[in-house]
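The values are calculated or read from the model by the stated rules, or taken from the named source; none is laboratory data. Since this is a predicted model, take the numbers as computed values, not measurements. Cβ coordinates were reconstructed from backbone atoms using ideal geometry, including for glycine residues, and neighbour counts include every protein chain displayed.
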Amino acid sequence: MSGPSGPVPHPGDPAAITSGAVPHPDDPAAITSGPAPHPDAPAETASGAVPHPDDPAATASGAVPHPDGPAAITSRAVPHPGDPAAITSGAVPHPVGLAEIASGAAALTLDAAGAPRHPLVVVDLGRNEWRHAEAAIEALRGRTVVTVGIADRPLPVAAAPLLEALTCTLAPGGPGGAWVAGSPVDLKAIAATVAAAPRAALTLAGLLDLTARASVTDGLTAESLAYSMLLAAPEFAAWRARTPRRPIPEPADPVLLDRTGDVLTLTLNVPERHNAFGRAVRDALLNGLAVAEHDPSIREVVLRGNGRSFCSGGDLDEFGTATDPVAAHLVRLRQSAAAAIHRLGDRVRVEVHGACIGAGVEIPSFAARIRARPDARFRLPELGMGLVPGAGGTVGITHRIGRWRTAYLALTGQPIDAATALEWGLIDELTDGEP
């Protein structure tokens with residue numbers, strides 16, 4: 001690949017993107033070794049790794065903002081990525097150039113305990129090193145760490161192969177969908193996420209590369225294996241140890257079914273828990289979807305949610321209760337709402353609003369059409385718990401918006417609004433009315 005013609009964009013002062021430390025919602029200092037996940041119940045069947053938004057331990061720590069809180073619903077600000085004033089703290093690695101990438105700067109190396117030594121590499125795409133682009137791309141095809149490109153000017157079309165080789169890129173513009181108009185705040189969030197959960201972050205990067213090229217069935221299998229493996233890792237154990245469980249009330253009617261003519265409407269109905277996608281909700285939804293699978297006279301299935309949120313994700317209090325990681329994997333494959341929606345093909349429409357967190361965005365991503373109200377916001381916070389998206393997000397979301405923007409959502413843990421989701425293709429339509 002030849003370097004792009006014309007002036008090479010400069011990403012601002014790289015030294016400005018290396019100083020300071022913004023605490024990650026899951027402060028690395030708080031992540032100490034903890035007890036293994038509780039082994040008593042096979043309830044690690046709640047798809048999606050998202051804490052319940054009403055959990056005080058989650059909202060107090062800042063790890064999972066309440067879906068109606070200002071931190072969760074603010075629109076994604078995009079300050080100039082080269083603005084030094086915006087980068088006041090954060091353990092962001094000093095950026096490297098393409099020559100260093102070509103020489104192996106992003107290669108995976110491990111310490112004596114098997115932990116990655118340098119799990120994140122920031123790549124300065126403004127240096128005049130495009131002659132090394134082909135060698136850098138070749139180096140990135142090997143086992144590498146999380147690689148994030150940065151630039152403060154739009155990148156040219158000729159940069160596309162390089163951007164596609166990176167985990168994600170923060171730039172004000174570029175070819176295709178391998179970049180995000182991110183900010184220094186996003187870069188610090190990524191650095192903090194990777195520092196707090198390096199094993200999970202590297203697992204995510206490798207998994208997205210696989211699921212982007214895999215069929216839905218194979219992708220869901222790979223995601224389940226990765227998720228279940230991380231349930232046995234120290235990062236999840238530490239999160240579980242510092243996040244106390246609460247009793248889980250048994251909802252009377254977790255999913256409402258209503259048929260009008262040839263349209264079947266399924267309504268998530270646990271509004272007091274923001275329709276957290278726990279075992280009861282999952283099983284009831286699967287039963288409803290099975291009705292449509294076995295009745296070809298049902299022309300359309302509409303999935304919606306009662307209350308202020310469509311779905312706040314997997315129930316925090318059920319996480320880590322599988323008897324063992326293998327059981328978690330097998331149950332996840334057997335009881336997959338994502339797979340059921342995929343099997344129904346173009347018959348499923350999802351109407352979302354409010355918080356769409358974790359499973360609340362992962363499961364809809366398999367539908368033929370997603371309609372969203374303007375108040376909808378979308379978030380993937382699983383890495384903050386030492387996990388990867390586990391309700392199909394690395395497959396369905398990746399197939400909709402590409403692995404690079406999926407990586408951005410997971411690595412930053414930040415929400416995007418409905419307008420951004422529409423621009424990216426995460427949803428298909430905005431509606432002003434009730435879902």
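Of everything in the range 358-381, what is assigned to a loop (DSSP other than H, G, I, E, B) and more than 18 Å from the chain's Cα centre (by Cα)? Give them in sequence order.
368, 373, 374, 375
Evaluate the range 120-142: report whether one residue or more is surrounded by 14 or more Cβ atoms within 10 Å (Cβ to Cβ), within 25 Å of the chain's Cα centre (by Cα), farther than 18 Å from residue 173 by Cβ and not aliphatic (A, V, I, L, M).
No; the residues of the range 120-142 include none that is surrounded by 14 or more Cβ atoms within 10 Å (Cβ to Cβ), within 25 Å of the chain's Cα centre (by Cα), farther than 18 Å from residue 173 by Cβ and not aliphatic (A, V, I, L, M).
Residue by residue through the range 257-274, note down the ones that are aliphatic (A, V, I, L, M) and under 10 Å from residue 305 (Cβ atoms).
Hits for the range 257-274 are 266, 268, 270.
Taking the range 147-165 only, how many residues are of a type in the set (D, E, K, R) and either out of contact with any Gly (no Cβ under 7 Å at 6 or more places or on another chain) or within 14 Å of residue 129 (Cβ to Cβ) (or both)?
Qualifying residue count for the region: 2.
If residue 431 meets every condition in (1) closer than 26 Å to residue 215 by Cα; (2) among the hydroxyl-bearing types (Ser, Thr, Tyr); (3) touching a Lys or Arg at 6+ places or on another chain (Cβ under 8 Å) apart from one, which number is that one?
Residue 431 satisfies every listed condition except (1).
From the list 242, 199, 143, 153, which residue is closer than 22 Å to residue 102 by Cβ and basic (Lys, Arg)?
Only one candidate passes the filter, namely 143.
Yes or no: residue 191 more than 30 Å from residue 339 (Cα to Cα), touching a strand residue (DSSP E or B) at 6+ places or on another chain (Cβ under 8 Å), in a helix (DSSP H, G or I) and at pLDDT 95 or above?
The answer is yes for residue 191.
Say we look at the range 246-264 and pick out the residues that are within 29 Å of the chain's Cα centre (by Cα) and β-branched (Val, Ile, Thr); which of these is modelled with the lowest pLDDT?
248
Conditions: (1) farther than 28 Å from residue 238 by Cα; (2) part of a loop (DSSP other than H, G, I, E, B). Residue 389 meets all but one. Number of the miss?
The number of the failed condition is (1).
If a residue counts only when it is among the hydrophobic types (A, V, I, L, M, F, W, C) and either over 14 Å from residue 359 (Cβ atoms) or touching a Cys at 6+ places or on another chain (Cβ under 7 Å) (or both), which helices (runs of 4 or more DSSP H) contained entirely in the range 276-344 have at least 3 such residues?
279-293, 325-334
Hey, could you check the range 280-312 for residues that are farther than 15 Å from residue 349 by Cα and among the charged types (D, E, K, R) and say which is surrounded by the most Cβ atoms within 10 Å (Cβ to Cβ)?
The selected residue is 282.
Specify which of the listed residues (214, 192, 178, 136) is in contact with a His (Cβ under 7 Å, 6 or more places away or on another chain) and either farther than 17 Å from residue 414 by Cβ or among the hydrophobic types (A, V, I, L, M, F, W, C) (or both).
Sole residue among the options that is in contact with a His (Cβ under 7 Å, 6 or more places away or on another chain) and either farther than 17 Å from residue 414 by Cβ or among the hydrophobic types (A, V, I, L, M, F, W, C) (or both): 192.
Quick check: is even one residue across the range 179-194 crowded, with 22+ Cβ neighbours inside 10 Å and without any contact (Cβ under 8 Å) to a residue 60 or more places away in the chain?
No, because not a single residue in the range 179-194 is crowded, with 22+ Cβ neighbours inside 10 Å and without any contact (Cβ under 8 Å) to a residue 60 or more places away in the chain.
Residues being outside any helix (DSSP H, G or I) and either more than 16 Å from residue 391 (Cα to Cα) or of a type in the set (A, V, I, L, M) (or both): count how many of those fall in the range 198-229.
3
Quick one: residue 349 ticks every box in (1) of a type in the set (Lys, Arg); (2) under 21 Å from residue 217 (Cβ atoms); (3) not in a helix (DSSP H, G or I) except a single one, so which number is it?
Single failed check for residue 349: (2).
Considering only residues of the range 268-279 that are in contact with a strand residue (DSSP E or B) (Cβ under 9 Å, 6 or more places away or on another chain) and under 16 Å from residue 338 (Cα atoms), which is surrounded by the most Cβ atoms within 10 Å (Cβ to Cβ)?
In this case the residue turns out to be 276.
Specify which of the listed residues (374, 435, 381) is modelled with pLDDT under 95 and either touching a Leu at 6+ places or on another chain (Cβ under 8 Å) or on the phi < 0 side of the Ramachandran plot (or both).
Criteria check complete, one pass: 435.
Counting just the residues of the range 341-358 that are hydrophobic (A, V, I, L, M, F, W, C) and under 15 Å from residue 300 (Cβ atoms), which one comes out surrounded by the fewest Cβ atoms within 10 Å (Cβ to Cβ)? I'd like the intermediate steps shown before the answer.
Filtering the range 341-358 down to residues hydrophobic (A, V, I, L, M, F, W, C) leaves 341, 344, 348, 350, 352, 355-357.
Then drop every residue that is not under 15 Å from residue 300 (Cβ atoms), which leaves 341, 344, 348, 350.
On the way: 341: 25, 344: 17, 348: 24, 350: 29.
Checked the range 341-358; the qualifying residue surrounded by the fewest Cβ atoms within 10 Å (Cβ to Cβ) is 344.
Could you tell me whether any residue of the range 396-413 is part of a loop (DSSP other than H, G, I, E, B), free of Cβ contacts under 8 Å to residues at least 40 places away in the same chain, more than 14 Å from residue 314 (Cβ to Cβ) and not acidic (Asp, Glu)?
So far as the range 396-413 goes, no, none of its residues is part of a loop (DSSP other than H, G, I, E, B), free of Cβ contacts under 8 Å to residues at least 40 places away in the same chain, more than 14 Å from residue 314 (Cβ to Cβ) and not acidic (Asp, Glu).
Can you tell me which residue within the range 390-428, out of those that are of a type in the set (Ser, Thr, Tyr) and touching an Asp or Glu at 6+ places or on another chain (Cβ under 9 Å), is surrounded by the most Cβ atoms within 10 Å (Cβ to Cβ)?
Quick first cut of the range 390-428, residues of a type in the set (Ser, Thr, Tyr) only: 394, 398, 406, 408, 412, 420.
Filter once more, keeping what is touching an Asp or Glu at 6+ places or on another chain (Cβ under 9 Å): 394, 408, 412.
On the way: 394: 31, 408: 26, 412: 27.
So the residue we want is 394.
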